[in-house]
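What follows is a single structure, written as structure tokens, with notes after it.
The values are calculated or read from the model by the stated rules, or taken from the named source; none is laboratory data. Keep in mind it's a predicted model, so treat the numbers as computed, not measured. All Cβ positions, even for glycine, are placed from backbone atoms using ideal geometry, and neighbour counts span all protein chains on display. Quick note on the areas: whole protein, heavy atoms, side chains included, nothing else; ligands and nucleic acids left out. Shrake-Rupley method; radii C 1.70, N 1.55, O 1.52, S 1.80 Å.
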Amino acid sequence: MDNSKKKLKLKVSAIKEGTVIDHIPAKHLFKVISILGLDKIDNQITFGTNLDSKRLGSKAIIKVSNVFFEDREINKIALLAPHAKLNIIRDYAVVEKRIVETPEKITGIVKCFNPKCITNNEKITTCFSVIKKSPIALKCKYCEKITNLDQIKMV
Ligand code: ZN
């Protein structure tokens, strides 16, 4: 580990209460932040990105103080980070570890990539069935086109 990485690790290491989300593919870090609405809250958030990972090549980690996610929210992460792991921190210690599970259906989180789809032209909430989990592939309930990982945009 070189010095800059060591420093980063120290900087993002300790939170007293909150959630650590690890094993996020580095390139999806900002989308994960947006999916969880972390760009809209006042809590202290630290993240590290482009960290070495044997499994992902390059990973990101997010630490959020005083936030504990519902299962429903956690499972949104699965869209982009199916191997993400969450550590729940209480008084500086990991009290619980959780993994994400990809839901069967995705409602109102992502856009259909098809510009002609009714959901992109009228006020209709998107709805997809998950036909593949990693990397994700979503079938639109309305136009039946497949939106895949590279095409995912958040609503
Ligand atoms: Zn569609």
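Details
- Each Lys and Arg adds +1 at its Cβ and each Asp and Glu adds -1 at its Cβ; summed about the Cα centre, the chain shows a dipole of about 420 debye.
- Carbon/sulfur fraction of accessible area - the chain, other protein chains in place, 1.4 Å, %: 50
- Taking every protein chain into account, the accessible area of the chain amounts to 60 square angstrom per residue (probe 1.4 Å).
- Surrounding net charge for Ser34, when Lys and Arg each add one and Asp and Glu each subtract one, Cβ distance under 15 Å: +4
- 18 Å Cα-Cα threshold exceeded, pairs from Lys16/Lys97; Lys54/Lys85; Lys27/Lys141; Lys40/Lys132: Lys27/Lys141; Lys40/Lys132
- Whole-Hz Karplus values for the range 18-30 come out as x, 10, 10, 10, 10, 6, 8, x, 3, 6, 9, 3, 6 Hz, taken residue by residue from phi with 6.51 cos²θ - 1.76 cosθ + 1.60 and θ = phi - 60°; glycine and proline positions read x.
- Quarter of the Cα convex hull surface for the range 105-151, i.e. its orientation-mean projected area (nm²): 2.8
- GluC sites (Glu not before Pro) lying in DSSP loop within the range 81-155, provided at most 16 other Cβ fall within 10 Å: Glu101, Glu104, Glu122, Glu144
- Local charge for Arg72 was computed over the other residues whose Cβ lies under 15 Å away, with Lys and Arg +1 and Asp and Glu -1, and equals -2.
- Applied to the range 36-46, the Karplus parametrisation 6.51 cos²θ - 1.76 cosθ + 1.60 on θ = phi - 60° returns per-residue 3J(HN,Hα) values of 8, x, 6, 7, 10, 10, 9, 5, 6, 10, 10 Hz, with x for Gly and Pro.
- For Ser53, the residues 5 or more places off, or on other chains, whose built amide H falls under 5 Å of its own are Ser58, Lys59.
- Excluding the site residues themselves, the longest part of the chain lacking any trypsin sites (Lys or Arg not before Pro) in a DSSP loop with at most 12 other Cβ atoms within 10 Å is 56-115.
- Cα principal axis extents for the chain, largest first, Å: 49, 29, 23
- The residue among Asn87, Cys112, Ile77 whose Cα reaches farthest toward the positive pole of the charge dipole of the range 42-131, with charges on the beta-carbon of Lys, Arg, Asp and Glu, is Cys112.
- Residue of Val67, Val95, Val32 that the Gaussian network model of the chain assigns the largest fluctuation, springs spanning Cα pairs under 10 Å: Val95
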